[in-house]
1. What is the helix-to-structure angle for 138-148, meaning the angle in degrees between its Cα long axis and the longest Cα principal axis of the chain, kept from 0 to 90 and rounded to the nearest 10?
2. I'd like the orientation of helix 36-53 relative to the chain: the angle between its Cα long axis and the longest Cα principal axis, in ° from 0 to 90, rounded to 10.
3. Can you compute the helix-only [θ] at 222 nm over the chain? Use -39500 (n - 2.57) per DSSP H run of at least 4 residues, normalise by all residues, nearest 500 deg cm²/dmol.
4. For the chain, what's the relative contact order in percent, using C-alpha pairs closer than 8 Å and at least 6 residues apart?
5. Short version: ³J(HN,Hα) in whole Hz for each residue of the stretch 70-78, in order, from phi by Karplus 6.51 cos²θ - 1.76 cosθ + 1.60 (θ = phi - 60°), x for Gly and Pro, what are they?
6. Tell me the label only: which of (i) 1.54; (ii) 0.98; (iii) 1.13 is Rg/Rh (Cα atoms, Kirkwood Rh) as calculated from this structure?
Amino acid sequence: MHSDTPTQATLLAGRPFVARRVVRFAHCDPAGIVFFPRYYELLNSVVEDWWEHLGLPWTGLIGQRRIGMPTAQLDARFVAPSRLGDALDFELRVERLGRSSLQLQHRVVGAAGDERVRFAQRIVATSLDTHRPIPWPEDLREALQRFKDTP
């Protein structure tokens, strides 16, 4: 299994979006634990998978519609180390949906449910032609709101 392919991805009412990633050799530093910048790459792949599950793949949003979704802020709290071979579940929840921004909460847990990392991420909808913020297009807003409103 390739590390960029989730072994599990869910989008169920009342639950976060969950994507599993396996820690590979390329993710680790010489101490044998995940080198912290690799978490950011893994996190981005999970966010990309989430958009796909919302029915809004980045290929269409970025390539055809010219809508960017850059991260404007990303805060991290590293709780415990992850090691080569660990299966990690990345849990994504929508905390707030604004006019042109989106606040996500991420939690990364090991197989036993032990927390490894927490992220707070703010994404902004932008025009890739002007690189300025834009309001979320209605279809994106509806998909995001449906996910946010799940009980």
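Values in this text are rule-based calculations from the coordinates and carry no lab data. No experiment lies behind these values; they were computed from the predicted model shown.
1. Long axis of 138-148 versus the principal axis of the chain: about 40 degrees.
2. Computed tilt is about 50 degrees.
3. -6000 deg cm²/dmol
4. Computed value for the chain: 24 percent relative contact order.
5. Each residue of the stretch 70-78 in turn: x, 7, 8, 8, 9, 10, 10, 10, 8 Hz.
6. Recomputing Rg/Rh (Cα atoms, Kirkwood Rh) here picks out (ii).
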